[in-house]
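Just below is one structure, and these are the notes that go with it.
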Amino acid sequence: MTVTATPPVRRRKESVPGRLRALAGLSVLALALLLAAILAGAASTGSSLRTIGHEAGPQVLATAGLYRQMSEMDALMAETLLLGREYGPQQQADLTTYDQRRLEISEGLLRTYRLALDNPVEQRTVESLIEGLGRYERLAAHARLLDVQSGHTAGQPPDHVVRAYQQATDLMHRELLPQAYNLTLETGTIVRRAHDAERSATSLARVAVVGTGLLALGCLLALQIYLTRRFRRIFAPALVVATVLATAALVTGTALLDRQGQALTEAKRRGFDSVLTLTRARAISKSMYGDQSRYLLDRFRKDTYEHTFLDKSRTVAAVESTSLPDYQSKLRADFQGLLGGVTGRDRDRLFTVYQGFQQADARMRTLPAEAAIKFWDGELTQAYESYDKVLEELIRRHESDFERAIDGGDGALETLWRSIPAGLAAGALLILVGVLPRLREYR
Amino acid sequence: MRKLLICLILLLTACGTARPPSLMDDDEVAVVAIRSDVPLISFKGPDGSYDGFNIDVAEDLLSRLGKRIRWLEITAGDQLTVLTDGRADLVFAHMSVTPERKKVIDFAGPYHIDFQDIAVRPADKDAVHDVRDLAGRKICLVRGTNIAQRIVEERRVKAIPVEAPDYNVCLDMIKNGTIDAISTNSQILAGLLTKPGVDLHLVGATFNEQRTSIGVRKGDVDGCEELNRAITEMYQDGTAHMLLDKWFGRSGIDLSVVAVPQFEGCS
């Protein structure tokens, strides 16, 4: 005890400027760490925001379009074969739409290929789709040529035309559409993974910001207390301002990172996921409409097309049922399936038009062949179109939700980069301003 | 210093957030549940090792994921519980996707699209061409399957279902004339036809798509997505075609179109 009594006194006397320097240095360092944590958090969330908002997100939407355009191509082909020679102008209009879809598909495939540059599996899928579409064109052109040569009236074309079309539609449904569908799922995977990585990066960054921020405040407080005790000053104004600035940086940094994280979650859930699900539902509905014309067109496979229509109906709006008439009679507003997530007034509107479409379908299947074709061309097509229009509106609304959420995240990022580094640099400067006069007393 | 330590601890704990168990975060060994009683698809060879189409597919896919396999033999009744109680990572039991099953497990794939087909006695070869010709005939209804129901209710074909505990009993029943036809997945039928003493004709009436998928634990999105990627590669590099040809090339099943199936989706 007696041996150790004197040396501490001497050391304290010598170490006042040293301690002051150490505390001030530590405070500046802690502020630098805080800045680094905020910037690192912003950079990592910024890159995921880019992936979801500007790269993979739009890509998913492009591939989801592919599926719908391709099933529409096949549906249009069935329609022109069914319509016969007295529907000349309408056939021509169908062929124009067909060419338009083919153009959109080419654009969609090119876009997907460009965006899949680091994913060879996905690239091979795009290549295989390009090759397959070429084959489809050949088979469809053959069926179309035979159809024109036969010169039949509206209704089922001759058997050899139907057989030729079967080859084309089999290629589309067994090889091409599944690949287009999987392409959408795969890009969906990329977005999901970016989102998950972002979520853990953001929570990590938030912890780091809070940690370094508390450390900085602790150091500043220690410095303040030390100055008060040592130099009998109640406040060092510069240090008070520095503390306020550090607190502000801590609070705004956390809040902005939070907001950015929320923007991403919002974009993912309300925008992206909904758009993806609804686009899939719309694409499958298009293919259901195609199944109706194929049902009328192909007497060999009537059963099969009725069954695929039922399968797809259950995917879009699931109701427990054993057969198509059973499904159509049990269809209620509490359906599940792809459209099951739609809520509120949107659900009521969607249900009304979807039920109208299904009721028209039930009616068509009870009519004799020729009357069925006339009904399909008139009322049923109208019912389908009003259902499709409601779906399209819903998708567009969610798309703008998605864009808005991404813009919100981008905006948060800009504020972050502008204000926080400046505030923290000022804080560091103020620490020096507060400490230097005291250090000078020891010169 | 203590504060710095607290910060570090906070940082470290933030890294280990809780997630459902996944095929991808286990070690190198994956537990794969299979059946051993389905000819051509998954069966026990004379030397006691497993063989068949499902076995080959499972080995190919898991080697693409860098995993080794530990087989777990199950019966048809266990194919869901083995996943829900965590005894297996995957189930390769020729399962098709149904809404009821999707409530308790998830599905990767399908890795193959099969169709329902019909087997009849050679004498009925000319009388039965498609599912409508089953009207008024007796068909085998194996307990626990929905195949007969799909013919009678979904297709509204007035066939007469006759109950049986399993397909071996169906084979006896068709032989002694109790029933007229057996209908199930064409691959399973092809397997039944290879059994000694069985003389049946495969009609080739492909109806009702059967989406043969891999059962994965509910919520294992990572594992499911990786399996889908592996399935895509298996089709792209020709392995799928080779395996189908190896097991079903001589069965009479139409293999003219071998294309990657439309996946179920993982979430």
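In the set A:ARG135, A:ARG68, A:ARG101, A:ARG85, only one residue is touching a His at 6+ places or on another chain (Cβ under 8 Å) and within 28 Å of A:ALA164 (Cα to Cα); that residue is A:ARG85.
Of all residues being β-branched (Val, Ile, Thr) and in contact with a strand residue (DSSP E or B) (Cβ under 8 Å, 6 or more places away or on another chain) in the range B:189-236, which is farthest from B:ASP85 (Cα to Cα)? Just the residue, please. Per the criteria, the residue is B:VAL203. Is it the case that the range B:247-258 has a residue that's within 11 Å of chain A (Cβ to nearest Cβ), in contact with an Asp or Glu (Cβ under 9 Å, 6 or more places away or on another chain) and of a type outside the set (D, E, K, R)? Yes - at least one qualifying residue is present in the range B:247-258. Scanning the range A:343-364 turns up at least one residue that is more than 14 Å from every other protein chain (Cβ to nearest Cβ), touching a Phe, Trp or Tyr at 6+ places or on another chain (Cβ under 9 Å), within 26 Å of B:THR206 (Cβ to Cβ) and surrounded by 21 or more Cβ atoms within 10 Å (Cβ to Cβ). Out of all the residues in the range B:184-193, is one or more in contact (Cβ under 8 Å) with a residue 24 or more places away in the chain, closer than 29 Å to B:LEU243 by Cα and within 14 Å of another protein chain (Cβ to nearest Cβ)? No, every residue in the range B:184-193 fails to be in contact (Cβ under 8 Å) with a residue 24 or more places away in the chain, closer than 29 Å to B:LEU243 by Cα and within 14 Å of another protein chain (Cβ to nearest Cβ). Filtering the range B:85-129 to residues that are over 21 Å from B:ILE34 (Cα atoms), of a type in the set (Asp, Glu) and touching a Ser or Thr at 6+ places or on another chain (Cβ under 9 Å) leaves only B:ASP117.
In the set (1) over 30 Å from A:LEU82 (Cβ atoms); (2) facing chain B (nearest Cβ under 7 Å), the condition left unmet by A:GLY213 is number (2). A count restricted to the range A:152-180 and to residues that are within 12 Å of another protein chain (Cβ to nearest Cβ) and under 22 Å from A:TYR295 (Cβ atoms) stands at 10. Selection over the range B:213-229 of residues that are within 15 Å of the chain's Cα centre (by Cα) and more than 14 Å from chain A (Cβ to nearest Cβ) gives a count of 3.
When the range A:216-233 is limited to residues that are more than 9 Å from chain B (Cβ to nearest Cβ) and of a type in the set (Gly, Ala, Ser), the one that is farthest from A:TYR442 (Cα to Cα) turns out to be A:ALA216.
Sub-9 Å Cβ pairs linking a first residue in the range B:122-134 that is more than 12 Å from every other protein chain (Cβ to nearest Cβ) to a second residue that is among the hydroxyl-bearing types (Ser, Thr, Tyr), at least 6 apart or interchain, are B:LEU134/B:SER183, ordered by first then second residue.
Being of a type outside the set (A, V, I, L, M) and outside any helix (DSSP H, G or I) is a condition met by at least one residue of the range A:300-312. Based on this model, can you work out whether A:TYR136 counts as more than 30 Å from A:GLY409 (Cβ to Cβ), surrounded by 20 or more Cβ atoms within 10 Å (Cβ to Cβ), of a type in the set (Ser, Thr, Tyr) and more than 20 Å from the chain's Cα centre (by Cα)? The answer is yes for A:TYR136. For the range A:29-85, give me each residue that is of a type in the set (Lys, Arg) and within 18 Å of A:ARG111 (Cβ to Cβ). Once the filter is applied, which keeps residues that are of a type in the set (Lys, Arg) and within 18 Å of A:ARG111 (Cβ to Cβ), the range A:29-85 yields A:ARG50, A:ARG68.
Could you list all residues from the range B:113-132 that are outside any strand (DSSP E or B) and over 23 Å from the mean Cα position of the chain (by Cα)? Matches in the range B:113-132: B:ARG121, B:PRO122, B:ALA123, B:ASP124, B:LYS125, B:ASP126, B:ALA127, B:VAL128, B:HIS129, B:ASP130, B:ARG132. Evaluate the range B:55-62: report whether one residue or more is of a type in the set (Val, Ile, Thr), modelled with pLDDT under 95 and in the same structural domain as B:THR232 (by TED's automatic domain parsing). Checked against the condition, which is being of a type in the set (Val, Ile, Thr), modelled with pLDDT under 95 and in the same structural domain as B:THR232 (by TED's automatic domain parsing), the range B:55-62 yields no hits at all. Look at (1) acidic (Asp, Glu); (2) free of Cβ contacts under 8 Å to residues at least 24 places away in the same chain; (3) under 24 Å from B:ASP37 (Cα atoms) and you find that B:GLU209 fails only one, number (2).
Exactly one of (1) at pLDDT below 85; (2) farther than 30 Å from A:PRO158 by Cβ is unmet by A:THR315. Its number? Exception for A:THR315: condition (1).
Within the bounds of the range A:187-196, is there any residue that is more than 12 Å from chain B (Cβ to nearest Cβ), hydrophobic (A, V, I, L, M, F, W, C) and either surrounded by fewer than 23 Cβ atoms within 10 Å (Cβ to Cβ) or not in a helix (DSSP H, G or I) (or both)? Checking the range A:187-196: at least one residue is more than 12 Å from chain B (Cβ to nearest Cβ), hydrophobic (A, V, I, L, M, F, W, C) and either surrounded by fewer than 23 Cβ atoms within 10 Å (Cβ to Cβ) or not in a helix (DSSP H, G or I) (or both).
Residue check: B:GLY219 meets all listed conditions (1) under 30 Å from A:THR184 (Cα atoms); (2) not in a loop (DSSP other than H, G, I, E, B) but one, namely (2). Looking at the range A:312-327, can you tell me whether even one residue there is farther than 30 Å from A:ALA62 by Cβ and among the β-branched types (Val, Ile, Thr)? Scanning the range A:312-327 turns up at least one residue that is farther than 30 Å from A:ALA62 by Cβ and among the β-branched types (Val, Ile, Thr). The set of residues from the range B:242-267 being of a type outside the set (Val, Ile, Thr), touching a helix residue (DSSP H, G or I) at 6+ places or on another chain (Cβ under 8 Å) and modelled with pLDDT of 90 or more comprises B:LEU243, B:LEU244, B:LYS246, B:TRP247, B:PHE248, B:ALA259, B:PRO261, B:GLN262, B:PHE263.
The residues of the range A:105-143 that are under 22 Å from A:ASP170 (Cα atoms) and among the acidic types (Asp, Glu), listed by number, are A:GLU127, A:GLU131, A:GLU137. Among the criteria (1) modelled with pLDDT of 90 or more; (2) within 16 Å of A:SER71 (Cβ to Cβ); (3) surrounded by fewer than 24 Cβ atoms within 10 Å (Cβ to Cβ), the one A:GLN292 does not fulfil is (3).
When the range B:135-161 is filtered for residues that are among the basic types (Lys, Arg), over 25 Å from B:HIS94 (Cα atoms) and more than 11 Å from chain A (Cβ to nearest Cβ), the ones remaining, listed by number, are B:ARG137, B:LYS138, B:LYS158.
Check off (1) touching a helix residue (DSSP H, G or I) at 6+ places or on another chain (Cβ under 7 Å); (2) crowded, with 22+ Cβ neighbours inside 10 Å; (3) under 30 Å from B:VAL31 (Cα atoms); (4) not assigned by TED's automatic domain parsing to the domain that holds B:ILE105 for B:ASP180 and give me the number that stays unchecked. The failed condition is (3).
Among the residues of the range A:337-356, none qualifies, meaning not one is modelled with pLDDT of 90 or more, closer than 30 Å to A:HIS160 by Cα and in contact with a helix residue (DSSP H, G or I) (Cβ under 8 Å, 6 or more places away or on another chain). Listed conditions (1) without any contact (Cβ under 8 Å) to a residue 60 or more places away in the chain; (2) surrounded by fewer than 20 Cβ atoms within 10 Å (Cβ to Cβ); (3) part of a loop (DSSP other than H, G, I, E, B) are all met by B:SER251, apart from (1). Where residues in the range A:301-339 are of a type in the set (Phe, Trp, Tyr) and closer than 17 Å to A:ARG365 by Cβ, which of them is surrounded by the most Cβ atoms within 10 Å (Cβ to Cβ)? Top of the filtered list is A:PHE309.
The values are calculated or read from the model by the stated rules, or taken from the named source; none is laboratory data. Source: prediction; values computed, not measured. Positions of Cβ are generated from backbone atoms using ideal geometry, with glycine treated the same way; all protein chains shown enter the neighbour counts.
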